[in-house]
1. Within region 142-162, which residues are touching a residue at least 40 places away in the same chain (Cβ under 8 Å) and closer than 19 Å to F82 by Cβ?
2. Of the residues that make up region 128-137, is at least one over 18 Å from the mean Cα position of the chain (by Cα) and not β-branched (V, I, T)?
3. Please pick out the residue among T177, T238, T254 that is part of a loop (DSSP other than H, G, I, E, B) and open to solvent by less than 10 Å² (accessible area, probe 1.4 Å).
4. Considering region 61-102 alone, what residues qualify as being hydrophobic (A, V, I, L, M, F, W, C), in contact with a helix residue (DSSP H, G or I) (Cβ under 7 Å, 6 or more places away or on another chain) and in a helix (DSSP H, G or I)?
5. Looking at (1) surrounded by fewer than 19 Cβ atoms within 10 Å (Cβ to Cβ); (2) out of contact with any Phe, Trp or Tyr (no Cβ under 8 Å at 6 or more places or on another chain); (3) modelled with pLDDT under 95, find the lone condition where W275 falls short.
6. Could you tell me whether R249 is at pLDDT 95 or above, charged (D, E, K, R) and open to solvent by less than 40 Å² (accessible area, probe 1.4 Å)?
7. Kindly provide the set of residues from region 180-209 that are under 21 Å from S141 (Cβ atoms) and either at pLDDT below 95 or open to solvent by 40 Å² or more (accessible area, probe 1.4 Å) (or both), ordered by number.
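The values are calculated or read from the model by the stated rules, or taken from the named source; none is laboratory data. Model, not experiment: these values are computed from the prediction. Cβ placement follows ideal geometry from the backbone for every residue including glycine, while neighbour counts extend to all protein chains displayed. Areas reflect the complete protein model, heavy atoms only, side chains present, ligands, DNA and RNA absent. Shrake-Rupley method; radii C 1.70, N 1.55, O 1.52, S 1.80 Å.
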Amino acid sequence: MVSLHSLNPLRPLLEVGGGPVILDGGLATALEARGHVLDSDLWSARILLDEPEAIRAVHAAYLQAGAQCITTSSYQASFEGFGAIGVSEEDAEAALIRSSSLALEERDQFWEEANAGTGSRPKPVVAASVGPYGAYLADGSEYDGRYSIGRGELEDFHRRRFGVLAKSGVDVLACETVPSLEEACALLSLLDQEPDVWAWVSFSCRDGALLWDGTRIEDAVQLCARHERVAAIGVNCTAPGHVASLIGRAAAVTDLPLIAYPNSGEEYDASTRSWVGPDAGVAWMDAMEAAVTAGAVVVGGCCRIGPTMIAELRRRQARGDWQTNLTAPNREG
């Protein structure tokens with residue numbers, strides 16, 4: 001039996017064994033595949049306002065595909081973003097809470113039907129997405145780390161949304177697509193102020209060694225590991241070819257659970273708000289195997305990875321193709 005902090009919300013899934021825990025894929029990817037046009041600054045958060053049941057349907061699709069963790073539709077939802085299109089602060093807060101309740105309700109219904117009261121497997125985890133400041137800017141800066149504000153302003157930007165999501169009933173916060181050490185510091189400071197909340201932190205990286213701001217992945221991981229209630233550390237929305245190297249470097253400096261959910265390998269063009277380049281689906285699957293070999297124990301997809309690819313991940317997990325080797329500290333906090 002692996003040794004994990006007893007309160008880590010990922011622990012029940014990690015202790016099942018038999019391979020890595022499977023995350024969902026891109027929410028926007030699945031919405032677009034269903035015919036939704038996501039060309040506003042709010043991206044998938046626009047659907048949260050207009051067609052919330054469409055988001056619930058995507059959660060259901062990923063659960064049916066075998067995802068053991070689903071992520072809420074709050075990545076691009078912020079008080080500032082909603083305010084820019086005339087949504088009141090009260091309605092913005094309600095939308096953030098709705099993003100959690102949609103995922104929680106769908107998860108609970110799925111788990112009840114799948115288990116039929118037998119309790120034969122752990123309940124899937126719901127993670128509330130805390131997207132970076134660059135997601136609010138909607139200019140692609142979460143993929144380059146070039147911000148015009150400092151740590152204090154970043155903390156101010158994240159504070160209210162972070163607090164609302166922390167109290168929304170989810171299992172864990174997903175502080176994701178973080179391109180800089182400075183933004184990680186802001187998010188970790190907020191985590192320290194929420195004593196009953198756990199979060200994972202996943203970074204957006206430019207190559208196999210560095211965050212977009214030039215920080216070594218080892219330094220970013222060690223920063224996170226110094227904070228209590230960090231459930232996992234890793235990378236997301238990064239080219240799949242870089243992930244094994246990044247996870248290997250992270251594994252060398254921490255024994256916390258490592259998480260990897262790269263994009264398909266295509267590049268985001270902020271001017272057209274589209275993904276360009278070759279379909280790297282096969283390379284992505286190969287990269288996931290390499291990430292697990294390097295030490296990732298939680299894996300899934302980000303942009304351009306939909307339910308079909310997640311279902312294939314789950315099939316490989318069920319066959320026992322990939323075995324994980326998790327050792328983590330028993331930390332009090």
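1. Within region 142-162, E142, F157, R160, R161 qualify.
2. Within region 128-137 (the criterion being over 18 Å from the mean Cα position of the chain (by Cα) and not β-branched (V, I, T)), the answer is yes, since at least one residue qualifies.
3. Sole residue among the options that is part of a loop (DSSP other than H, G, I, E, B) and open to solvent by less than 10 Å² (accessible area, probe 1.4 Å): T238.
4. A61, L63, A65, F79, F82, A92, A95, L96, I97, L102
5. If we test W275 against (1) surrounded by fewer than 19 Cβ atoms within 10 Å (Cβ to Cβ); (2) out of contact with any Phe, Trp or Tyr (no Cβ under 8 Å at 6 or more places or on another chain); (3) modelled with pLDDT under 95, just (2) comes out false.
6. No, not satisfied.
7. Result: L181, E182, R206, D207.
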